[in-house]
Amino acid sequence: MSSNGAFENCRERAVLFLGLDRNKSSGRVRQKLMQENYDPDLVETVIDYLKEIDYINDERAAGSICRRYSGKRIRSRKAMLYVLSDAGIEQSVSKNITDTLPEDEESSLQLLAAYYRNSQPEYAKALRLLARRGYSAYISNKAINEFLSAKEEII
């Protein structure tokens, strides 16, 4: 098969994988093409081409992922870096996107407000929730104390 034919074959496979969901990351497309035993250099050429025509855009994919993590699904910035990396977003793009997210002090309070809208949280349970979402002990303690004092003022 000629190199042009191999490029077209690989490009078509990538486009088929992307389908109408143009929010897939370059890492996901790369992984899929490598699983199908395409030449690594060819895969990089196809991904570069698809980026050039804006069919693959890691910023768009990262934004889509971040929008899914709101309300009760909020994560710390560090945890979001992991989520984006796991989704195949390039590290530089992940860093730029997470820098635009709310600071951990703010997002931890948002998470507590989403979870404990109608009830008073137990300190230990709230601490475990924040720890599971990637918040440091310092941020968690500060957020819980602030949240509990705000709840007491309302009552």
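Checking R28, R11 one by one, the residue that is surrounded by 16 or more Cβ atoms within 10 Å (Cβ to Cβ), in contact (Cβ under 8 Å) with a residue 40 or more places away in the chain and not assigned by TED's automatic domain parsing to the domain that holds R133 is R28 and no other. Exactly one residue among I47, I65 is of a type in the set (V, I, T), under 25 Å from A114 (Cβ atoms) and surrounded by 15 or more Cβ atoms within 10 Å (Cβ to Cβ), and that residue is I65. The residues of the stretch 104-134 that are of a type outside the set (A, V, I, L, M, F, W, C) and in contact (Cβ under 8 Å) with a residue 24 or more places away in the chain, listed by number, are D104, E105, S107, S108, Q110, Y115, Y116, Q120, P121, Y123, R133, G134.
Answer yes if at least one residue in the stretch 46-69 is within 30 Å of S140 (Cβ to Cβ) and polar (S, T, N, Q), and no otherwise. Within the stretch 46-69, one or more residues are within 30 Å of S140 (Cβ to Cβ) and polar (S, T, N, Q). When R67, R75 are checked against the criterion of being outside any helix (DSSP H, G or I) and under 30 Å from I47 (Cα atoms), a single residue qualifies: R75.
The values are calculated or read from the model by the stated rules, or taken from the named source; none is laboratory data. None of the values given here were measured: they were computed from a predicted structure. Using ideal geometry, Cβ is built from the backbone for each residue, glycine included, and neighbour counts are taken over all protein chains shown.
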